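Report on the structure given below.
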Amino acid sequence: MKDETTLNDGTNIGARSSGRPISQIVQEILDHVTEIIRSEFRLARVEVRQDLRFVAKAFLLLAVAVVLSLYALGFVLLGVVYGLATHMSPSLSALVVGIGVGIIAAVFLQVGRKRIKQASLTPDRTIQSLEENVTWMKKQAR
């Protein structure tokens, strides 16, 4: 007589219905778990690369803000020099240009700071996927 088990839906499963030894099944499970882990690391790498590109662009904006701020300071100082030296119209134009460049630099600075605050270097999707995998494995172990 064959050792059989009946499932809730009426399906009969023999003790060795698949014909595969337990060691082969365990090996397949380990292979799948290994592939899942590799996939999670690949996903984490992709997420970190995307986040680093975002941060690099934000730092580029900050660098532009720094350069423009230096130019603004130069124009403001040039305006002060012209103002003290001649009390004429060139000082006013230098101040206007300096203040204008300073405003542009402030805009770039604010945009760059905002983007850095938005950046997250944690691989959120990978963490969520790992949590789902752990939950699934726990359910399978029961």
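The values are calculated or read from the model by the stated rules, or taken from the named source; none is laboratory data. Nothing here was measured: the structure is a model prediction, and the numbers come from that model. All Cβ positions, glycine included, derive from the backbone under ideal geometry; neighbour counts span all protein chains shown.
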Working only within segment 44-65, note down all residues that are surrounded by 14 or more Cβ atoms within 10 Å (Cβ to Cβ) and among the small types (Gly, Ala, Ser).
-> ALA44, ALA58, ALA65
What are the residue pairs meeting all of these: first residue in segment 39-64, first residue closer than 15 Å to LYS117 by Cα, second residue β-branched (Val, Ile, Thr) and modelled with pLDDT of 90 or more, Cβ atoms under 8 Å, and 6 or more apart or on different chains?
-> LEU61/VAL111
Name the residue, out of LEU68, LEU130, LEU109, that is crowded, with 16+ Cβ neighbours inside 10 Å, closer than 30 Å to VAL33 by Cα and not acidic (Asp, Glu).
-> LEU130
Restricting attention to segment 9-51, and to residues there that are under 23 Å from MET137 (Cβ atoms) and among the hydroxyl-bearing types (Ser, Thr, Tyr), which single residue is modelled with the lowest pLDDT?
-> SER18
